[in-house]
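What follows draws every value from the coordinates through simple rules; no lab data is involved. Everything numeric in this text was worked out from a predicted model, so none of it was measured. All Cβ positions, glycine included, derive from the backbone under ideal geometry; neighbour counts span all protein chains shown.
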Amino acid sequence: MTSGSGSETTHVRAEIARQPEAWTRAADLAADAAGLLPRPGESVAVLGCGTSWFMAGAYAASREQAGQGRTDAFAASAFPIDRDYDRVVAISRSGTTTEVTRAIEATRAPTLAITAVAGTPVCEVASDALVLDFADEESVVQTVYATTTLTLLRASLGIAPTPSIDQASEVLAGDHHLAPALLETGQISFLGSGWAYGLAQEAALKLREAAQLWTEAYLQMEYRHGPVSVAEPGRTVWVFGRPVEGLLEDIGVTGATLVDDDLDPLADLVRGQLLAADRAEMVGLDPDHPRHLSRSVVLTDP
């Protein structure tokens, strides 16, 4: 299967394709936004829902790995409002997600909202807002906004996005092909560690949302503590980032298809996004409008 195959008529395909350009712009913006972003040594909570929560987790792992201070990621609905942080970062594409707005209102810490739309409820309740309107999307399924936000946050840590941009561009050009059998696979388990775990979670979500495929995501070291039992011929295990010792051998004996190409995890996520679009179209689904989903979850006040 060639990554990027299939129709070019959906919004999500266009949004997947413009990620390298958006990541370049986000990296350039990071220096100008430094005054709004967490400072080294601060304790930080990062909030989001769905895809934004997974990007929060990837950033939190990156920031702690960079030695910049304690960083916790929470689903906005599970934010512990009685826990003290020096700063809160809230990620919300639409800026209208009720759980995010409520979490910001409940915290005592200064809050930065990162969104794609200015003048929204999340922006209004946050101390500051960073609007990435150039990464906004038409599709319900998030791609470019989420990865652009993560690229900006990682660039603020001094992590150069060049490998991600170069390899994602190669994927979009048709390199780093996935086996055609992946379009027919019955199940995929995505594995990651460190910041790549959040991307593994996001890849699994994309296939569930767009293509209604059975997918799961696990930390690499946790996979052998039970989940490996579902691996078998006709199913797939996809490793994001460098595999831990012995993992590939343990997967190999199950007969499951293994995807482990030593790609940059963000570029590998682009392959997962493309597979989601391909699979959705193959089974007659609209990847722009997954069933039961909307662009934002807005709850009625109790």
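Could you tell me whether the stretch 164-282 comes out rounded, prolate or oblate from its Cα gyration tensor? Rule is a ≥ b ≥ c as square roots of the eigenvalues, rounded for a/c under 1.5, then prolate if a/b exceeds b/c, otherwise oblate.
Cα axes put the stretch 164-282 in the oblate bin.
Note the angle between two axes, namely the Cα long axis of helix 144-155 and the longest principal axis of the Cα atoms of the chain, as a number of degrees from 0 to 90, rounded to the nearest 10.
For 144-155 against the chain, the angle is about 70 degrees.
So how much slack lies between Met221 and Arg25, counting 0.36 nm per residue of separation and subtracting their Cα-Cα distance, in nm?
67.1 nm
Spin-label point model (7 Å from Cα, Cβ direction): what's the Ala14 to Arg108 distance in nm?
4.8
Mean separation of Cα pairs under 8 Å and 6+ residues apart, divided by the residue count of the stretch 155-302: what relative contact order is that in percent?
Value for the stretch 155-302: 28 percent.
What base-10 log of the normalised intensity I(q)/I(0) is obtained for the stretch 11-162 from the Debye formula, alpha carbons as equal point scatterers, at q = 0.10, 0.14 Å⁻¹?
Here log10 of I(q) over I(0) equals -0.29, -0.59.
Going by alpha carbons, how many degrees (0 to 90, nearest 10) lie between the helix axis of 265-282 and the longest principal axis of the chain?
60
Express in nm, to one decimal, how much length is gained between Glu245 and Arg70 on full extension, taking 0.36 nm for each residue of separation and deducting their alpha carbon distance.
Contour length minus the Cα-Cα distance gives 60.2 nm.
How far apart, in nm, are two points set 7 Å out from the Cα along the Cα-to-Cβ line at Met282 and at Arg83?
4.0
Using Cα pairs under 8 angstrom and six or more residues apart, how large is the relative contact order of the chain, in percent?
The value is 22 percent.
Restrict the search to the stretch 85-164; then list the GluC sites (Glu not before Pro) that DSSP places in a loop and that have at most 16 other Cβ atoms within 10 Å of their Cβ.
Sparse-neighbourhood loop GluC sites (Glu not before Pro): Glu138.
In degrees between 0 and 90, to the nearest 10, how far off the longest principal axis of the chain does helix 162-172 point, with axes built from Cα atoms?
50
Restricting to DSSP H runs of at least four residues, report the calculated mean residue ellipticity at 222 nm for the chain, -39500 (n - 2.57) per run over all residues, nearest 500 deg cm²/dmol.
Working: 11 runs with 118 residues, N = 302.
For the chain, the value works out to -11500 deg cm²/dmol.
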